[in-house]
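Here is the structure we will look at, set down as structure tokens.
The values are calculated or read from the model by the stated rules, or taken from the named source; none is laboratory data. Small disclaimer: the values here were computed from a predicted structure and weren't measured. Ideal geometry is used to build each Cβ from the backbone, glycine not excepted, and the neighbour counts take in all protein chains shown.
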Ligand SMILES: CC(C)(COP(=O)(O)OP(=O)(O)OC[C@H]1O[C@@H](n2cnc3c(N)ncnc32)[C@H](O)[C@@H]1OP(=O)(O)O)[C@@H](O)C(=O)NCCC(=O)NCCS
């Protein structure tokens, strides 16, 4: 299994993979719209030989500035529970930190995302359209994070 940045040749294969992971169409559409709207910043795929088996996307938040949202994370059902999702999330967070982003927000189970530095407490002060209990933030720069406007506005594709 390899994890690498997405190339142009992967793009058409990603929505079917995401839909297989989630068992529905919505997240496949989310990936396509985030890219089409120009909000996608970074994405990684996991491969086994030539087959795509996992994917993760990071996109720019409308607010707060200099922050990203990690969504969606997808592993093909045949490959789940083998560490691929964890490897993808780690690759994405490390790349975001290296590139100088202040923080990443995520929507999902704190038991899963807590392993990678996402904390519900860090996002608690923010106004958000989604439940606080499933909103986490992974903060790379505490000083900058503490001065951010306290409103989370997701990229347009989320609505
Ligand atoms: C969630 C997902 C990305 C995790 O990837 P994965 O490769 O299966 O996970 P890993 O093997 O790296 O990690 C497995 C661990 O995460 C936990 N886990 C897996 N999916 C989880 C979920 N949806 N919620 C909470 N914990 C989860 C497992 O219980 C396991 O815990 P353990 O290490 O204590 O046994 C993958 O299962 C998937 O694509 N699921 C369907 C789509 C989805 O729900 N995406 C996330 C939306 S927030």
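Assorted remarks:
- Put simply, of 35, 9 the only residue that is more than 14 Å from residue 73 (Cβ to Cβ), under 15 Å from the mean Cα position of the chain (by Cα) and part of a helix (DSSP H, G or I) is 35.
- One residue from 77, 72 being within 16 Å of the ligand (Cβ to nearest atom), surrounded by fewer than 23 Cβ atoms within 10 Å (Cβ to Cβ), under 16 Å from the mean Cα position of the chain (by Cα) and modelled with pLDDT of 95 or more: 72
- Only one of the numbered conditions (1) within 15 Å of the chain's Cα centre (by Cα); (2) surrounded by fewer than 17 Cβ atoms within 10 Å (Cβ to Cβ); (3) away from the ligand (no atom under 13 Å from the Cβ) is not met by residue 114, and that is (3).
- Candidates 34, 66, 5 - the one that is crowded, with 17+ Cβ neighbours inside 10 Å and either away from the ligand (no atom under 11 Å from the Cβ) or touching a residue at least 60 places away in the same chain (Cβ under 8 Å) (or both): 34
- Leading residue by the ranking (surrounded by the fewest Cβ atoms within 10 Å (Cβ to Cβ)) among those in region 94-109 that are touching a strand residue (DSSP E or B) at 6+ places or on another chain (Cβ under 6 Å) and part of a helix (DSSP H, G or I): 95
- Residue count, region 125-159 (criterion: under 18 Å from the mean Cα position of the chain (by Cα) and surrounded by 17 or more Cβ atoms within 10 Å (Cβ to Cβ)): 12
- Neighbours by Cβ (under 7 Å, 6+ apart or cross-chain): first from region 39-52, outside any strand (DSSP E or B); second modelled with pLDDT of 95 or more: 39/59; 39/60; 39/155; 39/157
- Apart from one condition, residue 122 fits all of (1) assigned to a helix (DSSP H, G or I); (2) surrounded by 13 or more Cβ atoms within 10 Å (Cβ to Cβ); (3) within 11 Å of the ligand (Cβ to nearest atom); (4) over 16 Å from the mean Cα position of the chain (by Cα); the exception is (3).
- As a summary of the residue check, residue 143 satisfies the conditions (1) at pLDDT below 95; (2) under 24 Å from residue 38 (Cα atoms) except for the one numbered (2).
- When region 41-63 is limited to residues that are more than 19 Å from residue 1 (Cβ to Cβ) and within 15 Å of the ligand (Cβ to nearest atom), the one that is nearest to the chain's Cα centre (by Cα) turns out to be 58.
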